[in-house]
Amino acid sequence: MKRGRVRVLIAKPGLDGHDRGAKVVASALRDRGMEVIYTGLHQTPEVIVRAAVQEDVDVVGLSLHSGSHMDLFPEVRRLLLEAGMEKVLLIGGGIIPDEDREVLEARGFARIFGPGTPTGEIADFIEKHLGGESKT
Amino acid sequence: MDVAALAEGVRRGEILTLGKALSFVEKGGRDAAALLEALEVGEEGPPRIGIAGPPGAGKSTLASGLVRAFRARGERVALLAVDPSSPFSGGALLGDRIRLSGQFEDEGVFIRSVATRGAAGGLSPAVADMAEVCAAAGFDRILIETVGIGQAELEVMRVADLVLLVLQPGAGDGVQAMKAGILEIADLIACNKADLPGIEALESQMREMLDLRAREVGRRPLLLRTTARSAEGIEDLAAAIEARWREIGEEERKRRREERWVFLVRSRVLDLVREALDAEDLQAEPGTVPALRARSFLRSLAARWDGSLESGEGS
């Protein structure tokens with residue numbers, strides 16, 4: 001059987017209007033051969049999780065610069081579990097202080113990437129976790 | 001998850017299972033065929049409404065409006081939004097949800113982004129299978145949105161039962177459409193962005209061409225004016241789609257289904273051969289006539305495939 005492609009949802013929860021980082025990451029992952037679904041700005045956790053379910057993604061990447069990551073990130077995680085998406089690889093990025101990063105990484109986020117992370121590092125991380133192909 | 005469990009979940013309308021089942025058929029192979037068989041999707045079911053048009057004509061926004069219009073009548077709507085895969089990396093950036101997703105807060109709307117994955121003609125035949133799965137999940141409306149109005153996309157629009165062409169003023173679309181032969185397959189033509197200058201010119205150009213053509217074939221596409229962004233004309237468009245589907249009648253519907261069946265078989269055969277060709281390390285043999293080398297490749301393929309397709313290779 002043919003291999004499936006890795007599918008990634010890149011989402012911007014909340015009221016933060018800066019999506020340059022999200023777009024740069026989305027393009028970089030596409031260039032690594034992944035299918036990247038970008039939701040656009042200002043999405044609620046509910047809409048993000050519904051998109052993840054409908055798109056059957058392997059990875060959900062959240063990007064946030066507004067400071068409300070400690071509310072919105074865990075909420076997305078909770079809803080993903082509730083929806084039966086416990087196997088999805090959950091990552092995050094944005095302006096996130098080290099102490100928050102540690103908390104999030106202890107609560108189901110595989111990795112929080114800070115500003116200035118080379119995009120190749122994110123692609124490598126995903127490939128390493130998924131073994132380069134879709135699990136579905 | 002096995003085929004029987006997937007089929008069961010899809011028929012019960014479980015969204016999580018539907019998402020997985022769509023990936024399953026998208027990947028292709030024997031298992032995908034087994035799932036389609038298990039779903040027992042009959043020939044009936046909702047019409048697959050294809051939405052085609054040049055980039056930027058407003059297909060996504062129009063699709064979004066149609067989804068809302070159908071949803072307002074209490075119908076459950078599935079939308080397959082197709083975007084191209086990069087020929088360089090094989091990856092894809094699928095952005096249709098930007099215009100679509102956040103607006104639909106209930107489970108009655110299912111949106112799936114589909115990458116072409118290098119399929120010839122810009123629309124993978126897997127999309128037809130994905131539409132079948134959505135039909136099995138009980139959706140009342142199935143929309144398939146794709147890019148382009150080239151010859152390849154036209155061919156590919158055979159996966160749809162009903163074709164809506166979206167054009168915008170000022171892009172020379174009238175002549176383009178005539179070149180591409182879109183008039184032969186469109187059931188409805190939406191002259192979109194009606195608030196822009198040039199809408200009258202576009203409309204009269206299209207009407208003229210349709211008049212010419214109607215004399216040859218009788219049936220002509222319905223011409224409508226829409227402004228998707230402000231939802232103007234969308235209700236009328238939804239009603240026109242409805243009316244057109246009724247008007248087409250059972251005989252024509254059957255003809256289209258049969259055409260689709262043949263198209264899908266052809267696509268599958270071509271895909272299998274293309275895959276085998278991609279895997280072949282073809283080296284130049286100066287002095288050999290290319291056509292003869294092609295024949296010898298096909299002979300070796302036939303020998304190699306004898307029996308092996310049953311064991312699960314290929315798509």
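The values are calculated or read from the model by the stated rules, or taken from the named source; none is laboratory data. This structure is a prediction, so every number in the text was calculated from the model and none was measured. Here the Cβ positions follow ideal geometry from the backbone for every residue, glycine too, while neighbour counts run over all protein chains shown. Protein only, heavy atoms only, side chains kept; ligands, DNA and RNA dropped before computing areas. Shrake-Rupley method; radii C 1.70, N 1.55, O 1.52, S 1.80 Å.
Laid out as a table, the results:
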item: Estimated distance in nm for a label pair at B:Lys254 and B:Leu301, the labels positioned 7 Å out from Cα along Cα-to-Cβ; result: 3.4 nm
item: Cα gyration tensor, the stretch A:12-127 - rounded (a/c under 1.5), prolate or oblate; result: rounded
item: Shielding score for A:81-93, defined as the mean number of other chain Cβ atoms within 10 Å; result: 1
item: Percent carbon-and-sulfur accessible area, the stretch A:12-127, ignoring ligands, DNA and RNA, probe 1.4 Å; result: 51 percent
item: A/B buried area, accessible surface, summed, 1.4 Å probe, Å²; result: 2800 Å²
item: Alpha carbon centroid spacing (whole Å) that separates the stretch A:81-136 from the stretch A:14-72; result: 12 Å
item: Sum of -39500 (n - 2.57) over DSSP H runs of 4+, divided by residues of the protein assembly as shown (222 nm, nearest 500); result: -15000 deg cm²/dmol
item: Within the stretch B:29-57: backbone nitrogen closer than 20 Å to the B:Asp2 label point (7 Å, Cα to C-beta); result: B:29-40
item: Estimated FRET transfer efficiency when R0 is 30 angstrom, pair B:Leu196-B:Ala239 (beta carbons, to 0.05); result: 0.80
item: Projected label distance in nm at A:His129 and B:Arg268, using a 7 Å step from Cα toward the beta-carbon; result: 3.6 nm
item: Selection of chymotrypsin sites (Phe, Trp or Tyr not before Pro), the stretch B:1-95, meeting DSSP coil and at most 11 other Cβ within 10 Å; result: B:Phe88
